[in-house]
Amino acid sequence: MLLVSASVWAQTNSSAKAEIRGKILLDSIWNPVVYLSHIPTFYDMFTMSNSMIIAESPLDEEGNFHFSTSFLPEKDNLYRLHISKKGAPAASLIIGGKDENHLYFIANNRSDIFISNTSTAIPVSTFKVEGYRPNDDLRSINEIVASADNLDNPPVSKEFLSRTINEKLRVMADTSSHPIVSLYALHQSNFEATYLENQVFIENYLKKWEDEESTYFQSIRTRFMQEKRSNLYIYIIIGVVFFVMGIVIQQYIFRRRKRNRTQLQTLSIQERKIFQLIQAGRSNKEISEEYNIGLSTVKSHVSNIYTKLNIKSRKEAIDF
Amino acid sequence: MKKSIQLLVFICAIVLYGQQSFAQDCTSVNTSRNIELDGSSEREEIKLNVAEDVKHLHLFINSTISTGFLTVEIYDPKGKKRGYYTVESQMNSNTKKKETVCGQMQKQISDPIKGDWVVRLIPKNVKGKVSVHSGQTQEKS
């Protein structure tokens, strides 16, 4: 009896709590309405369309709003809460600056989340999401990423710090037990740009989460496969280019040798002997001593050799 | 005599202050481009040349579309993507009306890499307007 009562109480209590609510302060430039959008993949975080908006809630005079979470999926998903300026359409996305108008959070159909802010001047930058632990981790990741963007250091230090921050995010991705938080950390670590550097890490990471079938993981896997495929294509193209170059070079050498052989056959026996000594690096004097002939005869033979082989110097004769 | 010294000190202070404020003065170069898209699906690139002595690069991109699908991307001279967003306007299935969608991005980059920064517009059957404003601040030495 006691157990049944406790179960009924727990169910009533959890359904009463299951909502996204909050109290936000806005100045007069904003419409007093908040919109909730479902973000199906991390690549859609900066996509805005009316079809992404799944609910809206007006703000009461004190800035309170609430959404029921009962219609949300059972599993955790990423959502965006945004506001729009007066005169602007509901589907407005402002990225950066003090008028940034959106924040992201994780929720499911049992989530009880409270969102609040502390400033009307920069309403979204001061948003705080409470009530569901994964959102604290999401905030930590955002703070790490923001620290990379706001660096007033020389470019060299920025590069170094950016690498350090990406490394830190990869560690967070590796150690987080929450799939969306983990993947969010990886996504923020600029992993696509540094894919080749961290290929082994990413492959092991995806293997670790191979049972995760959410659209977040599916989209990353697809992108990763595309990246892998495009790299494979690059390697294949490079391989084919080198193969073709090899054939062309081989053909060139073969034709040159054939041409050289033909030209060599035009030389007399004596000229061929002298040519061999020229190729061995002997001087005219050494050749005349070797074959016991006059220096002027050697010069005459050399001149004939040059003409027949269409060369102009001893160096060309050696390279022939 | 005392008054003359005070006057001299005052003049010196003004001259020094003037020199100092001149030394810290900044110059800025602003550009602005408005693009109207009338069902366009052609990619467009806006190049912003950043010189070596530029301390800050400000970018402000605003787009309002009533039809189609538009992606705006920002690339630094090394080809690294530094920001993006997508806006998509579809016909409302209930009202059968096209709905306007807005996207806006504001970016301030300190010590930007020298070279051509690119704002790339990738539209798909887009009807709407895009404006790209940029400002470069150089510090006078």
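The values are calculated or read from the model by the stated rules, or taken from the named source; none is laboratory data. No experiment lies behind these values; they were computed from the predicted model shown. Cβ atoms come from the backbone with ideal geometry, glycine included; neighbour counts cover every protein chain shown.
Of all residues in region A:129-163, those being in contact with a His (Cβ under 6 Å, 6 or more places away or on another chain) and at pLDDT below 90 number 0.
Residue-by-condition table, conditions (1) out of contact with any helix residue (DSSP H, G or I) (no Cβ under 8 Å at 6 or more places or on another chain); (2) assigned to a strand (DSSP E or B); (3) more than 11 Å from chain A (Cβ to nearest Cβ); (4) at pLDDT below 95:
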| site | (1), (2), (3), (4) |
| --- | --- |
| B:Gly39 | yes, yes, yes, yes |
| B:His56 | yes, yes, no, yes |
| B:Phe60 | yes, yes, no, no |
| B:Thr64 | yes, yes, no, no |
| B:Val72 | yes, yes, no, no |
| B:Arg82 | yes, yes, no, yes |
| B:Cys102 | yes, yes, no, no |
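Restricting A:Leu206, A:Leu169 to residues that are of a type outside the set (Ser, Thr, Tyr), outside the structural domain of A:Asn108 (by TED's automatic domain parsing), surrounded by 16 or more Cβ atoms within 10 Å (Cβ to Cβ) and more than 23 Å from A:Tyr132 (Cα to Cα) narrows the list to A:Leu206. As a summary of the residue check, A:Arg163 satisfies the conditions (1) within 14 Å of chain B (Cβ to nearest Cβ); (2) of a type outside the set (Val, Ile, Thr); (3) surrounded by 18 or more Cβ atoms within 10 Å (Cβ to Cβ) except for the one numbered (3). Of all residues in region B:41-54 being in a loop (DSSP other than H, G, I, E, B) and more than 12 Å from chain A (Cβ to nearest Cβ), which is farthest from A:Ala90 (Cα to Cα)? My answer is B:Asp53.
Taking the criterion of being among the charged types (D, E, K, R) and either surrounded by 11 or more Cβ atoms within 10 Å (Cβ to Cβ) or touching a helix residue (DSSP H, G or I) at 6+ places or on another chain (Cβ under 8 Å) (or both), the residues of region A:214-236 that qualify are A:Arg221, A:Arg223, A:Glu227, A:Lys228.
Apart from one condition, A:Ser68 fits all of (1) within 13 Å of chain B (Cβ to nearest Cβ); (2) out of contact with any Ser or Thr (no Cβ under 8 Å at 6 or more places or on another chain); (3) of a type in the set (Gly, Ala, Ser); the exception is (1).
Could you please let me know if B:Thr86 is crowded, with 16+ Cβ neighbours inside 10 Å, touching a Pro at 6+ places or on another chain (Cβ under 9 Å), among the β-branched types (Val, Ile, Thr) and within 10 Å of chain A (Cβ to nearest Cβ)? Judged against the criteria, B:Thr86 is not a match.
Residues of region A:194-209 that are part of a loop (DSSP other than H, G, I, E, B) and in contact (Cβ under 8 Å) with a residue 24 or more places away in the chain: A:Thr194, A:Tyr195, A:Leu196, A:Asn198, A:Trp209. Screening region A:177-202 for residues that are among the polar types (S, T, N, Q) and more than 19 Å from A:Glu143 (Cα to Cα) and picking the one that is modelled with the lowest pLDDT gives A:Thr194. If you go through region A:183-203 and keep only what is surrounded by 22 or more Cβ atoms within 10 Å (Cβ to Cβ) and of a type in the set (Gly, Ala, Ser), you end up with A:Ala185, A:Ser189. In region A:225-240, the residues that are under 18 Å from A:Ile202 (Cβ atoms) form Cβ pairs under 8 Å with partners that are outside any helix (DSSP H, G or I) and not aliphatic (A, V, I, L, M), at six or more places apart or across chains, as follows: A:Glu227/A:Glu192; A:Glu227/A:Tyr195; A:Asn231/A:Tyr195. In region A:63-121, the residue that is farthest from the chain's Cα centre (by Cα) out of those that are hydroxyl-bearing (Ser, Thr, Tyr) and not in a loop (DSSP other than H, G, I, E, B) is A:Ser68. Closer than 30 Å to A:Arg255 by Cα, of a type outside the set (Asp, Glu) and assigned to a loop (DSSP other than H, G, I, E, B) - does that describe any residue in region A:291-299? So far as region A:291-299 goes, no, none of its residues is closer than 30 Å to A:Arg255 by Cα, of a type outside the set (Asp, Glu) and assigned to a loop (DSSP other than H, G, I, E, B).
Candidates in region B:112-125 are the residues that are modelled with pLDDT under 95 and buried (at least 17 other Cβ atoms within 10 Å of the Cβ); of these, the one that is nearest to the other protein chains (Cβ to nearest Cβ) is B:Ile113. Within this structure, A:Ser125 passes the test of being within 14 Å of chain B (Cβ to nearest Cβ), under 27 Å from B:Leu57 (Cα atoms) and not basic (Lys, Arg).
Residue by residue, here is whether (1) surrounded by 17 or more Cβ atoms within 10 Å (Cβ to Cβ); (2) farther than 17 Å from A:Arg21 by Cα; (3) assigned by TED's automatic domain parsing to the domain that holds A:Val124; (4) touching a residue at least 40 places away in the same chain (Cβ under 8 Å) holds:
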residue	(1), (2), (3), (4)
A:Ser49	yes, yes, yes, yes
A:Ile53	no, no, yes, no
A:Ser57	yes, no, yes, no
A:Glu61	no, no, yes, no
A:Ser70	no, no, yes, yes
A:Pro73	no, yes, yes, no
A:His82	yes, no, yes, yes
A:Gly87	no, yes, yes, no
A:Ala91	yes, yes, yes, yes
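Per this entry, B:Lys98 is not counted among residues that are surrounded by fewer than 20 Cβ atoms within 10 Å (Cβ to Cβ), over 17 Å from the mean Cα position of the chain (by Cα) and modelled with pLDDT of 95 or more.
When every residue of region A:128-147 is checked against the conditions, at least one turns out to be within 14 Å of chain B (Cβ to nearest Cβ), without any contact (Cβ under 8 Å) to a residue 12 or more places away in the chain and either among the aromatic types (Phe, Trp, Tyr) or closer than 24 Å to B:Met105 by Cβ (or both).
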